[in-house]
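We did not get these values from a lab; they are worked out from the coordinates using the rules stated. No experiment lies behind these values; they were computed from the predicted model shown. When we count neighbours, we look across all protein chains shown, and the Cβ atoms used for this are built from the backbone with ideal geometry, even at glycine.
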Amino acid sequence: MAIHKAVAGTNGDQYVPMEERDGATSTVFFTRDISPEGLRAAVARVSGQLEGRLAIKLHTGERNGPNIIPSAWVRNLVEQDLPDATIIETNTYYAGDRDTTERHLETLEVNGWTFCPVDITDAEGTVELPVVGGKWFDTMSVGSHLPRYDSMLTLTHFKGHMMGGFGGSNKNIGIGCADGTVGKKWIHAHEGGDQWSVVQEELMEKITESTKATIDHFGARVVYVNVMRNMSVSCDCEGTAAAPVVTPNVGILASTDICAIDTACVDLVWAMTEAGLVHNRDLVERIVSRHGLRQLSYMHEIGMGNWRYQLLDLDDDEAALTVADAVSHVVPFAG
C-alpha cells in the first residue's frame, strides 16, 4: 500500500451556499417524523436497490451512550422490513470498550444489539479495497468480512465529531469500515507521528477516500439514511462523556447519493440561523473549527456524488421542500 505525500485542499472552514455550488442535482428525501415509523419510511424510499446479503453499517456506540440511534428502532426496522440483514462494525483505533473483538461483543450486548447478527468485520483480519482516483491512498484496509456482503444500508446518527467536525454517512463508512489496526491508522497518523497527527483538510480527505473504497465496492447497492436527532458536538464514540445536546432535532433524511445527504444535513444545521434559532451555534463552531466542510467539497471533487440536491418531503407526497421550510418546525432540544 502506497500512502502518498499529497497536498491537502483548503477552505474546509468556509461554508459554500447552494447557489455557489456547481454540478448536477441529486434527490434527498426528508421526514420530520423522528420515530421508528419515520425511520422505516425513510429506509423504504431508498431500499429498492438493495439485494442479496445485506449489511447495515451503523455506529453501535460506546457502553450506555445516550445519543445513538435507539437499538429498539433498528430492531423494529430489521424485524419488519429487513429480516435477513446483518449489522456490521469494526473495532476501534482508540483504547476503550470496543478496541478488541471480545470487548466489542460485550458492549454490543450492553447497548441492546442482540436482535440480529452483528459482524465485527475485522475480527479475522483485513483486506484492501482499491481507492480509484485518490490522492492519498491507492487502497484502503477494511475488515476482511466486508466483501461477503452484496448490499449496504448506511444508517447514520448525524452529529458533531471531535476531529471530523461532523459525523455523517461519510464518516460512518470512512472510519467505520476501515479496520481498527491498519486502515484507521493510515487515516489518522502520519508515519512517525503521533496517533492523531492527521487533522483538518488532510483528515477530511483521507476519511473520504476511505469511504470511496467501500462505496465503489458496492456500486449502486449502497444507500444512505441520516438521523438528525440528539446532535451533540461529540461523536457517539465518546459515550457517556459526550457533550450535552443543545442542537434541536430536525428529521430523518434518505438518499442514494452520499455527498448530497451529508450536504443536506449540514445545510439544515446552517439554516437554523436564518430561522432565528441560535441553538445550532455549538455544532456550527465544531464543524468550522475542525474544517469539516472539506468532507463535502472533496466528495464532490472526486466523483462520489453531488453537493447540489432537491429535498422531497415524505410527509407531503414527496413535494419539493426548501431547506428553510424543512427547519420551520424545529424547536430547541428539551433533553
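Quick notes on this structure:
- The GluC sites (Glu not before Pro) of region 1-77 that meet both conditions, a loop assignment by DSSP and at most 12 other Cβ atoms within 10 Å of the site Cβ, are E51.
- Region 18-326, relative contact order [Cα under 8 Å, separation at least 6], %: 26
- For semi-axes √(5λ) of the Cα gyration tensor in Å, the value calculated from this model appears in (i) 30, 22, 20; (ii) 26, 23, 20; (iii) 35, 26, 21 under label (ii).
- DSSP bridge pairs, the chain: antiparallel proportion in percent, nearest 5: 50
- Averaging the sequence gap over all C-alpha pairs within less than 8 Å and six or more residues apart, then dividing by the number of residues, gives region 178-335 a relative contact order of 23 percent.
- Of the trypsin sites (Lys or Arg not before Pro) found in region 262-305, no site is in coil according to DSSP while having at most 10 other Cβ atoms within 10 Å of its Cβ.
- Spin-label model distance (nm) - V132 vs R75, 7 Å beyond Cα toward Cβ: 4.1
- Simple spin-label estimate for M18 and T273 in nanometres, 7 Å along Cα-Cβ: 1.7
- Summing Lys and Arg as +1 and Asp and Glu as -1 over all other residues whose Cβ lies under 12 Å from the Cβ of D84 gives a net charge of -3.
- Neighbourhood net charge (11 Å Cβ-Cβ; Lys/Arg +1, Asp/Glu -1) for E205: 0
- Cα centroid separation, region 270-301 to region 32-50: 25 Å.
- Inter-part distance where region 82-109 and region 135-149 are each reduced to a Cα centre, Å: 18
- Cα gyration tensor category, rounded, prolate or oblate, for region 15-127 with a/c compared to 1.5: prolate
- Stretching the chain fully between A319 and R148 yields a gain of 57.8 nm (0.36 nm per residue, less the alpha carbon separation).
- Gaussian network model of the chain, Cα within-10 Å springs - most flexible of G251, G174, G48: G48
- Residue-count net charge about V327 - beta-carbon cut-off 12 Å; Lys, Arg +1, Asp, Glu -1: -2
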